[in-house]
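This report concerns only the one structure given below.
The values are calculated or read from the model by the stated rules, or taken from the named source; none is laboratory data. Bear in mind the structure is a predicted one, so any value in this text is a computation, not a measurement. Cβ placement follows ideal geometry from the backbone for every residue including glycine, while neighbour counts extend to all protein chains displayed.
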Amino acid sequence: MEILQGKFIGNERGFGFVKIAEGIPDIFISKQNKKDAMNGDIVQVKVMNEKHGNHSEGAIISVVERNTKQIVGTFQKNKNFGFVIPDDNQLGTDIFISKSNFGKAKNHQKVVVKITKYPRKEMKAEGKIVEVLGFANEAGIDMLSLIKEYNLLNEFPKPVLEEAKRISKTEIKADGRRDFRNKEIFTIDGEDAKDLDDAVCVDKNSDGTYTLGVHIADVSYYVREGSLLNLEAIKRGTSVYMLDRVLPMLPKELSNGICSLNEGQDRYAMSVIMKIDSKGKVIDSDICKSIIKVTKRMTYTDVASIIEKSNEETLNKYKNFVEHFERMKELAIILKERRLKDGYLSLDIPESKITLDKNGIAIDVRPYETTFANEIIEQFMLTANETVAERFYWLNAPFIYRVHETPDEEKIKELNKYLYNFGYKIKGKLEEIKPKAFSQILEDVKGKEEERVVSNLLLRTLKVARYEAENKGHFGISSKYYCHFTSPIRRYPDLFIHRVISKYLESDYNISETIKEKYAYQAQKYATSSSECEQIATKAERASEDIKKAEYMESKIGEEYEGIISSITSFGMFVELENTIEGLVRLADINDDYYIYDDINKQLIGKETGKIYKLGQKVKIKVANADKQTRKIDFWLIGDGPSF
């Protein structure tokens, strides 16, 4: 039998999977065959002849490396011993705490535990409480627990802050840069944004073409190789946004200060000037170091009011710039139409807007509303990212690309099983599927009841985008060349490629092989570390939303809502409400019949009644339970479960 090595990904119900490598299917591990492995451990797995669905089944034979050194959880205190129940329900074990290792922890407090003994045979893991965070219902403890759980960097070391303060006082001079200070340039962001790293302007030329200027904060001028700021930014990899707080990649002296493209202030930028024809094709481009002065700091709300002519007061306030925003709208429409024609996946899946009170308690959850003003910035940033990536690909420069590969054949086959229920199918040869096949489905479902569900199904089929030193194209935006260039204040890959671009500009595109080799090594190293940091940040951000959604629904127990079935599994079905909140209706809680899970058609069928529950179906539910500690929400179908 084959023996492989990989990472164990646990499941709260006891089983798990071992991830071997990109492109190799995960191996299913039953509860009985996981040995003493904990979530995140590197393990050796023996592949058996049995199958579990589409996965080979395996048995863990040894743990090679423990990846969990400490955990965050809730302390359950007894007289002479206690347990810590981990917040990470994938971990697979409670942690036993002897009386001598209680520290100052009180019953039901959130704590940080250092693991002293790992689980073995029938024995649980053991640990020592090293930090008491506070009671779960205290303001901010839920987010602090997440910061500790994901080992996020919450504060900057003093020497890094001192370096940032010193750099923030740097005098800004033109210094041979292209001077755009007399040009009409705008930032367009959300009302609360403080780190403004992109500004735009659009001119229409006499020949019918457009000139799009995308000006990005020149962070690499301030954050130099070998500096403490650079080393800290590498560690963090990205800024993390957790509802009531931001854990920035760079200190606020830079992120909100000298690097931020604040209105009316001279700022250093890296500018991409693109000439675009009437069909949305970039026919000429230039990349340069520049100095700019933002004319106005605009919000998405105000720009939307201007281009939709929906608010007379806003139109009067910005009457001198209305024509400029109309040009932006005109060009963004052209760019988007060209992308959609190429197969760009315009997934209409609303994000959640969660409102907190002054104590950090969730008081409202609803879909985040976007306007065409958001679309303007998205289209301009996509165009700049593609232009930069293509230029440096053909220069054979050491670079970090944003890679999004074609979905796996098996995943597409699985998707088609779901789509069959709605009368759709991904067409074409699965081994060489094109983005257009996916975008056609999105076009077919637009405006229909099943649009949200089908969009989610397509999203789950796509691979996760990542950073690589090798260009492999971007499936989701149907682009051959793509990178992240436009957010160097909050993403390290953007900062790194700014540094590479600066080196090429300084040497008039003639850099030495020694420098090329150095940057090629760094590109591989930082692409890997940045992808890992991004994955952790994404998990933490999603967990923060899950906590607050559950917290919000804790006050809604017994209330009734209408939702749609968003997912069906062997243990129940998930129902998504209009406010973006999702909850589980457990199979055991559906009382009007015994339901059988139809894996082929992805539906539940009543054995006696023949009643069917399928994806996209509207159902009425009652909130049965919500728990911010477990981050879970349970629903009952109306008519089932006890009355309140």
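Here are the numbers for this structure:
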{"item": "Residues of region 555-593 satisfying the condition of being closer than 17 Å to Asp627 by Cα and of a type in the set (Gly, Ala, Ser)", "result": "Ser555, Gly558, Gly583"}
{"item": "Residues within region 190-230 that are out of contact with any helix residue (DSSP H, G or I) (no Cβ under 7 Å at 6 or more places or on another chain) and within 15 Å of Lys275 (Cα to Cα), tallied", "result": "10"}
{"item": "Residue selected from region 157-178 under the condition exposed (fewer than 13 other Cβ atoms within 10 Å of the Cβ) and of a type in the set (Asp, Glu), by the criterion modelled with the lowest pLDDT", "result": "Asp175"}
{"item": "Among residues of region 230-253, those that are touching a strand residue (DSSP E or B) at 6+ places or on another chain (Cβ under 9 Å), on the phi < 0 side of the Ramachandran plot and not β-branched (Val, Ile, Thr), counted", "result": "7"}
{"item": "Subset of region 587-612 [modelled with pLDDT of 90 or more and surrounded by 15 or more Cβ atoms within 10 Å (Cβ to Cβ)]", "result": "Leu587, Asp589, Ile590, Tyr595, Tyr597, Leu604, Ile605, Gly606"}
{"item": "Residue in region 560-571 that is assigned to a strand (DSSP E or B), surrounded by 15 or more Cβ atoms within 10 Å (Cβ to Cβ), touching a strand residue (DSSP E or B) at 6+ places or on another chain (Cβ under 8 Å) and among the aromatic types (Phe, Trp, Tyr) present", "result": "yes"}
{"item": "Spans of helices (runs of 4 or more DSSP H) in region 123-240 with at least 2 residues outside the structural domain of Ser285 (by TED's automatic domain parsing) and of a type in the set (D, E, K, R)", "result": "141-149"}
{"item": "Yes/no for Met123 being within 27 Å of the chain's Cα centre (by Cα) and over 16 Å from Gln70 (Cβ atoms)", "result": "no"}
{"item": "Of all residues in region 570-609 being hydroxyl-bearing (Ser, Thr, Tyr) and more than 30 Å from Glu551 (Cα to Cα), the one that is farthest from the chain's Cα centre (by Cα)", "result": "Thr609"}
{"item": "Sole exception among (1) crowded, with 22+ Cβ neighbours inside 10 Å; (2) farther than 14 Å from Ile234 by Cβ for Tyr492, by number", "result": "(2)"}
{"item": "One residue from Ser439, Ser478, Ser487 being under 30 Å from His55 (Cα atoms), touching a residue at least 24 places away in the same chain (Cβ under 8 Å), in contact with an Asp or Glu (Cβ under 7 Å, 6 or more places away or on another chain) and among the small types (Gly, Ala, Ser)", "result": "Ser478"}
{"item": "Complete set of residues in region 325-344 that are free of Cβ contacts under 8 Å to residues at least 40 places away in the same chain and out of contact with any Phe, Trp or Tyr (no Cβ under 9 Å at 6 or more places or on another chain)", "result": "Glu326, Lys341"}
{"item": "Residues of region 37-46 satisfying the condition of being surrounded by fewer than 19 Cβ atoms within 10 Å (Cβ to Cβ) and over 20 Å from Gln535 (Cβ atoms)", "result": "Gln44, Lys46"}
{"item": "Residue match in region 113-122 (condition: touching a Lys or Arg at 6+ places or on another chain (Cβ under 9 Å), crowded, with 17+ Cβ neighbours inside 10 Å and over 28 Å from Asn33 (Cβ atoms))", "result": "no"}
{"item": "Top-ranked residue of region 449-475 - restricted to ones that are in a helix (DSSP H, G or I), touching a residue at least 60 places away in the same chain (Cβ under 8 Å) and closer than 18 Å to Gly343 by Cα, ranked as farthest from the chain's Cα centre (by Cα)", "result": "Glu451"}
{"item": "Check on Ala373, small (Gly, Ala, Ser), assigned by TED's automatic domain parsing to the domain that holds Leu331 and modelled with pLDDT of 90 or more", "result": "yes"}
{"item": "Filtered residues of region 337-370 (kept if β-branched (Val, Ile, Thr) and either at pLDDT 95 or above or within 30 Å of Ala136 (Cα to Cα) (or both))", "result": "Ile354, Thr355, Ile361, Ile363, Val365"}
{"item": "Strands (runs of 3 or more DSSP E) wholly inside region 577-644 containing at least 1 residues that are in contact (Cβ under 8 Å) with a residue 60 or more places away in the chain", "result": "603-606, 612-614, 618-627, 632-637"}
{"item": "Any hit, region 410-432, residues being closer than 30 Å to Tyr509 by Cβ and exposed (fewer than 14 other Cβ atoms within 10 Å of the Cβ)", "result": "no"}
{"item": "Cross-chain or 6+ apart pairs with Cβ under 7 Å, region 102-123 first and in contact (Cβ under 8 Å) with a residue 60 or more places away in the chain, then in a strand (DSSP E or B)", "result": "Tyr118/Ala125; Pro119/Ala125"}
{"item": "Qualifying position, being surrounded by fewer than 17 Cβ atoms within 10 Å (Cβ to Cβ) and either in contact (Cβ under 8 Å) with a residue 60 or more places away in the chain or not in a helix (DSSP H, G or I) (or both), among Gly257, Gly264", "result": "Gly264"}
{"item": "Residue in region 10-25 that is surrounded by the most Cβ atoms within 10 Å (Cβ to Cβ), counting only those that are over 14 Å from His52 (Cβ atoms) and hydrophobic (A, V, I, L, M, F, W, C)", "result": "Ile20"}
{"item": "Filter pass, Val200 being in contact with a Gly (Cβ under 7 Å, 6 or more places away or on another chain) and either within 30 Å of Asp266 (Cα to Cα) or modelled with pLDDT under 95 (or both)", "result": "yes"}
{"item": "Residue list for region 367-398, filter: assigned to a loop (DSSP other than H, G, I, E, B) and either touching a Cys at 6+ places or on another chain (Cβ under 7 Å) or more than 29 Å from Tyr521 (Cα to Cα) (or both)", "result": "Tyr368, Glu369, Thr370, Thr371"}
{"item": "Boolean, Asn320 is out of contact with any Pro (no Cβ under 8 Å at 6 or more places or on another chain), within 24 Å of Arg267 (Cα to Cα) and surrounded by fewer than 17 Cβ atoms within 10 Å (Cβ to Cβ)", "result": "yes"}
